[in-house]
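Structure first, then comments.
The values are calculated or read from the model by the stated rules, or taken from the named source; none is laboratory data. Because the structure is predicted, anything quoted here is derived from the model rather than measured. Virtual Cβ from ideal backbone geometry, glycine too; neighbours counted across all protein chains shown.
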Amino acid sequence: MTKKIIIANWKMNPKKAKEAQALFEAAKEGARGVKNIQIVVCPPFVWLGILKSNVQVKLGVQNCHWENSGAFTGEISAAMAADSGAEYVILGHSERRRYMGETDEIINLKIKSALKAKLKAVLCVGEKFGEEMSIVVESQIIKSLAGLSVNQMKDVILAYEPVWAVGTGHNCSPDNALSAGLFIRKTLTKLYSRFLAEKVPVLYGGSVDDENDNAYIDQSRLDGLLVGGASLDAEEFAGIIKGIGR
Ligand code: PGA
């Protein structure tokens with residue numbers, strides 16, 4: 001049985017180092033004794049050094065630059081994140097596309113630099129309200145993965161995150177998430193092979209909580225979850241871990 005993946009996206013939270021430590025320790029505590037599950041917590045960069053990951057709860061970041069180092073004021077590279085303990089990076093999140101103007105071309109460069117730094121890249125794709133899922137998701141996948149070899153794809157994870165469901169409390173129905181997951185695998189089959197498409201983990205994200213979490217695994221047949229708001233509540237996040245890891 002392959003491990004389910006639960007990724008916590010803390011976004012620009014919490015405000016204090018002590019709170020970050022407490023939240024991280026609570027995730028580790030929640031994961032104790034839970035099998036077949038990989039948890040990844042993605043805090044703001046500044047907390048990386050003070051959080052001690054273990055086998056069950058690893059660290060990731062929410063962004064990286066596409067160059068290794070250089071004159072890019074305010075930026076942090078994938079190599080730096082890796083050196084500070086990160087093993088994963090979320091790329092192409094809808095908030096970065098929206099507020100930082102990230103395009104699929106930029107995301108493609110970032111994925112390549114993440115993989116060079118030996119990080120696992122979590123590519124977020126999803127349509128806005130009123131857009132056609134298949135058109136948007138296909139185009140995002142083709143452009144973001146352009147030039148990636150079969151070998152590089154071993155370290156890529158896909159996350160279906162419909163923009164209208166992120167941070168809104170309006171989660172996607174498990175049926176729609178099932179269709180999106182199948183569509184993502186169909187697109188990967190066209191680009192690579194059916195074999196590869198079945199190996200790439202596909203997650204769901206967007207208003208996941210302790211109540212709706214299981215449906216995405218059982219009904220939508222996805223490989224895990226990307227959790228924002230609910231990952232900032234220690235008890236609720238532990239509930240999600242226990243629910244999926246049962
Ligand atoms: P949410 O965020 O769970 O708060 O909707 C999900 C995400 O941003 O990945």
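Structure data summary
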item: Matching entry among Ile39, Ile76 (being at pLDDT 95 or above, within 16 Å of the ligand (Cβ to nearest atom) and buried (at least 16 other Cβ atoms within 10 Å of the Cβ)); result: Ile39
item: Where a residue in the stretch 91-118 is within 24 Å of Ser207 (Cα to Cα) and more than 16 Å from the ligand (Cβ to nearest atom) and its partner, wherever it lies, is assigned to a helix (DSSP H, G or I) and modelled with pLDDT of 95 or more, with Cβ under 7 Å and at least six apart; result: Asp104/Gln140; Asp104/Lys143; Asp104/Ser144
item: Which numbered condition Gly60 misses (of (1) modelled with pLDDT under 95; (2) of a type in the set (Gly, Ala, Ser); (3) within 16 Å of the ligand (Cβ to nearest atom)); result: (1)
item: From the options Lys120, Lys116, Lys110, residue that is surrounded by fewer than 19 Cβ atoms within 10 Å (Cβ to Cβ) and modelled with pLDDT of 95 or more; result: Lys116
item: Test: residue in the stretch 97-108 that is in contact with a strand residue (DSSP E or B) (Cβ under 7 Å, 6 or more places away or on another chain) and assigned to a loop (DSSP other than H, G, I, E, B); result: no
